[in-house]
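A.B. asks: Quick one: the structure is below, and I'll ask about it shortly.
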Amino acid sequence: MTSQGQINLLDLDSDALGHYFQEIGERPFRAQQIIKWVHQQGVTDFSAMTNLSKALRDRLLSETEIRAPEIESEQLSDDGTRKWLVRVDGENCVETVFIPEGERGTLCVSSQVGCPLACSFCATARQGFNRNLSVGEIIGQVWLAARQLGQLPKEGRYITNVVMMGMGEPLLNFENVVAAMRLMLDDNAYNLARKRVTLSTAGVVPGIDRLAERCPVSLAISLHATNDELRNVLVPINRKYPLAELLDACRRYANVNPHSEITFEYVMLKGINDTVAEARTLIGLLEGLPAKVNLIPFNPFESAGYERSTDAAIDAFRDKLVSSGLVTITRKTRGDDIDAACGQLVGEVQARALRHRKRVH
Ligand code: SAH
């Protein structure tokens, strides 16, 4: 974990690496070579980089390093889901989750140590917030998972999708998340199609517009309520960016990305937001948007203060949405035996400030 002012190559996307090579008088295509070595071959030893001159390898060795975060522990769920506790510094760990399902393998990546948003039903929020993750710590989770899963060198593609749905609010760590996602998309790194990289946000409206400009990937919105009064409590950032503004931002995003659907996540909380009347309101809100809905049965955690909706309530809610033509999926609960399911990630966070949080019952 000690670095003596060296540049961590995991922090650099293709543009940043290109600049570095330009600065040291090398050709920009060196960036592609390095990205391949680091991300596709998983190589951390410069002497193995045989297509680079000895002089360049020596220079890289003295000025740079390839430093991934470290795996503190691994847990394996009965359903095949894996969760890694990833140490990012002496005090803090984040969590990364791999969810295999048939041909698909989804990696759920964290963007912050803890989370500064105070969503009342989310375990991560209860941890408080410490700091943003660096580019290397974000893409490092993909790098580590690929190695752990034996994906390297480049044979099986176990990771087919990445979702920025781990700890943290990705749009509040915008630049680092964008650079990391660019590496996910990079042909020479993880080569994922844009629709296979999803960023989920609680509704940071200016960030949605910037994302459309800078790195239009699949967008997911943590909606969870159909009116401002309830959403102010469940997802307090709604007080700053209320529903109407959020949905306008989604319309703008859809105009820039005409071929992609926006996923609306809706956590099913018993007696709070799960009536058929609310399903009807939701249909109205999403009208005209290229929307699909993911219903997430609430995943409990200690002293959460909420309960999961009954299966009957979830099915009735779904049937209502489906009857209006909205594609609706009830998200399968995965990895809950190891606390790896949505909203259960806690890592080890040294909070800088824990605020008082309002809850509804
Ligand atoms: N901060 C971003 C990324 C987190 S994604 C966001 O809010 O979108 C994690 C998803 O799980 C979000 O939709 C979140 O609202 C949801 N979630 C949080 N706590 C949950 C819980 N206890 N049960 C089910 N889903 C939960």
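A.B. asks: Only one of these is more than 16 Å from the ligand (Cβ to nearest atom), touching a residue at least 60 places away in the same chain (Cβ under 8 Å) and part of a loop (DSSP other than H, G, I, E, B): 351, 304. Name it.
C.D. replies: Details: 304 fails: more than 16 Å from the ligand (Cβ to nearest atom).
Residue meeting the stated conditions: 351.
A.B. asks: Between a residue in the stretch 246-265 that is in contact (Cβ under 8 Å) with a residue 40 or more places away in the chain and basic (Lys, Arg) and any residue that is surrounded by fewer than 19 Cβ atoms within 10 Å (Cβ to Cβ) and part of a helix (DSSP H, G or I), which pairs come within a Cβ distance under 7 Å, given they are 6 or more apart or on different chains?
C.D. replies: 252/209; 252/212
A.B. asks: Consider residue 85 against the criteria (1) surrounded by fewer than 24 Cβ atoms within 10 Å (Cβ to Cβ); (2) in a strand (DSSP E or B); (3) within 16 Å of the ligand (Cβ to nearest atom): it satisfies all of them except one. Which criterion is unmet?
C.D. replies: All conditions are met except number (3).
A.B. asks: Within the stretch 205-269, which helices (runs of 4 or more DSSP H) (wholly inside it) include 3 or more residues that are open to solvent by 40 Å² or more (accessible area, probe 1.4 Å) and more than 16 Å from the ligand (Cβ to nearest atom)?
C.D. replies: 205-214, 243-256
A.B. asks: To continue, here is another question. Determine whether the stretch 82-104 contains at least one residue that is farther than 13 Å from residue 345 by Cβ, among the small types (Gly, Ala, Ser) and in contact with a Gly (Cβ under 9 Å, 6 or more places away or on another chain).
C.D. replies: Scanning the stretch 82-104 turns up no residue that is farther than 13 Å from residue 345 by Cβ, among the small types (Gly, Ala, Ser) and in contact with a Gly (Cβ under 9 Å, 6 or more places away or on another chain).
A.B. asks: Return the residues of the stretch 129-171 that are modelled with pLDDT under 95, assigned to a loop (DSSP other than H, G, I, E, B) and small (Gly, Ala, Ser); say none if nothing qualifies.
C.D. replies: Within the stretch 129-171, 150, 156 meet the criteria.
A.B. asks: List, please: which pairs have Cβ atoms under 7 Å, are six or more places apart or on different chains, and start with a residue in the stretch 167-191 that is within 14 Å of the ligand (Cβ to nearest atom) and end with one that is among the acidic types (Asp, Glu)?
C.D. replies: Listed pairs, sorted by first residue: 167/95.
A.B. asks: Six or more apart or on different chains, Cβ atoms under 6 Å: show the pairs whose first residue is in the stretch 10-30 and under 22 Å from residue 69 (Cα atoms) and whose second is open to solvent by 30 Å² or more (accessible area, probe 1.4 Å).
C.D. replies: So the pair list comes out as 11/134; 13/182.
A.B. asks: Tell me, yes or no, whether the stretch 126-137 has at least one residue that is crowded, with 20+ Cβ neighbours inside 10 Å and within 11 Å of the ligand (Cβ to nearest atom).
C.D. replies: So far as the stretch 126-137 goes, yes, one or more of its residues are crowded, with 20+ Cβ neighbours inside 10 Å and within 11 Å of the ligand (Cβ to nearest atom).
A.B. asks: Oh, and also: From 15, 11, grab the single residue that is acidic (Asp, Glu) and over 16 Å from residue 137 (Cα atoms).
C.D. replies: Answer to the check: 15.
A.B. asks: Look at residue 192 and say whether it is in a loop (DSSP other than H, G, I, E, B), open to solvent by less than 30 Å² (accessible area, probe 1.4 Å) and not small (Gly, Ala, Ser). Talk me through it step by step, then tell me what you get.
C.D. replies: Working: in a loop (DSSP other than H, G, I, E, B): yes; open to solvent by less than 30 Å² (accessible area, probe 1.4 Å): yes; not small (Gly, Ala, Ser): yes.
Yes.
A.B. asks: Okay, moving on. Can you tell me which residue among 31, 55 is open to solvent by 30 Å² or more (accessible area, probe 1.4 Å) and either assigned to a loop (DSSP other than H, G, I, E, B) or more than 23 Å from residue 166 (Cβ to Cβ) (or both)? Can you show your working first?
C.D. replies: Values: 31 fails: open to solvent by 30 Å² or more (accessible area, probe 1.4 Å).
Matching residue, one of 31, 55: 55.
A.B. asks: Can you pull out every residue in the stretch 309-338 that is crowded, with 19+ Cβ neighbours inside 10 Å and not in a helix (DSSP H, G or I)?
C.D. replies: Across the stretch 309-338, the qualifying residues are 309, 326, 328, 334, 335.
A.B. asks: Can you tell me which residues in the stretch 270-296 are under 23 Å from the mean Cα position of the chain (by Cα), surrounded by fewer than 21 Cβ atoms within 10 Å (Cβ to Cβ) and free of Cβ contacts under 8 Å to residues at least 40 places away in the same chain?
C.D. replies: 290, 292, listed by residue number.
The values are calculated or read from the model by the stated rules, or taken from the named source; none is laboratory data. Quick caveat: nothing in here was measured; it's all calculated off a predicted structure. In this analysis, Cβ positions are derived from the backbone assuming ideal geometry, glycine residues included, and neighbour counts consider all displayed protein chains. These area figures cover heavy atoms from the full protein model, side chains too; ligands, DNA and RNA do not enter into them. Shrake-Rupley method; radii C 1.70, N 1.55, O 1.52, S 1.80 Å.
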